[in-house]
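To start, the structure under review is shown below, and the notes come after it.
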Amino acid sequence: MENYSKARTVEQPCPCPFPGLSSDTNEVRVKDGSKIRNLMRYALSRMEVKPRALEGEGMQPKSEEGGSTTEVQEAPYSQALEKMPSRQIVFTGMGKGVSKAITCVEILKRRVKGLHQQTRLLFSTVLEVWEPLEPAAGLDSLTVSRNIPAIWVLLSRDPLDASLPGYQAPGNFDALWAQAAKEDAGVAGGQRHGGRRKRGGGGGRGKGPGGPVRQTDRSREPGKGQSRGKGALAGQE
């Protein structure tokens, strides 16, 4: 492929794996370049009774797709408070956006209590068009079809079919976070307790108050009395 360059990428439409959804169900498409802050502002403005995203931020929440931000026109703030929240919302992510979509789902489930979850894992088809670097060489353009993993997550206020695979019932996230914080505090306390050093010097041999004493070359040399004694013995012999 050294003689080709990627010209464009075309995403094939993927049918919704959740049949029977109402036409007013909001869909949030999460991509690699999307910002979680903008995605959550849009999702919370649709799912909360009193949209927190609209408080002190004007009347136009933002919805982001693939790094590009689009303005969503809304009613005045006084009318938005009276608007009933949506019953369902769908998060979709493909490729590198799968992990970010899961993060958005978990944040929304913590902010809005009592949401039922239905998850679908599938593959989405992407067509890559490659053009030759030198058209005069007689090379034709290539179209490569790739299957990329994708995720679809449905969050609903109404109960869903628990017998289907991928269903998750509403959970108590406050107890989960409290337990995790308690475990982290216990691990941190154990590290601090185990990292303390014992104070007080030992009375070991060859050790001073600050640690072992290193002998110098001068201390290793024999004294004057020792050298004279050896000389006297040599004379006697």
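The values are calculated or read from the model by the stated rules, or taken from the named source; none is laboratory data. Remember, it's a predicted structure, so these values are computed and weren't measured experimentally. All Cβ positions, glycine included, derive from the backbone under ideal geometry; neighbour counts span all protein chains shown. Ligands, DNA and RNA are stripped out before the accessible areas are found, and what is left, the full protein with its side chains, is counted by its heavy atoms. Shrake-Rupley method; radii C 1.70, N 1.55, O 1.52, S 1.80 Å.
Taking the criterion of being closer than 20 Å to I107 by Cβ and open to solvent by 20 Å² or more (accessible area, probe 1.4 Å), the residues of the range 122-159 that qualify are W152, R157. The numbered conditions (1) part of a loop (DSSP other than H, G, I, E, B); (2) open to solvent by 70 Å² or more (accessible area, probe 1.4 Å); (3) at pLDDT 90 or above are all true for G114 except (2).
For the range 66-102, which positions are at pLDDT 90 or above, open to solvent by less than 40 Å² (accessible area, probe 1.4 Å) and out of contact with any Gly (no Cβ under 9 Å at 6 or more places or on another chain)?
First, pick out the residues of the range 66-102 that are at pLDDT 90 or above: 87-102.
Next, from what is left, pick out any that are open to solvent by less than 40 Å² (accessible area, probe 1.4 Å): 88-93, 95, 97-98, 101.
Q88, I89, V90, F91, T92, G93, G95, V98, listed by residue number.
The C-beta contact set for the range 132-147 (first residue within 30 Å of G95 (Cβ to Cβ), second residue part of a loop (DSSP other than H, G, I, E, B) and of a type in the set (A, V, I, L, M, F, W, C), distance under 7 angstrom, 6+ apart or interchain) comprises P132/L139.
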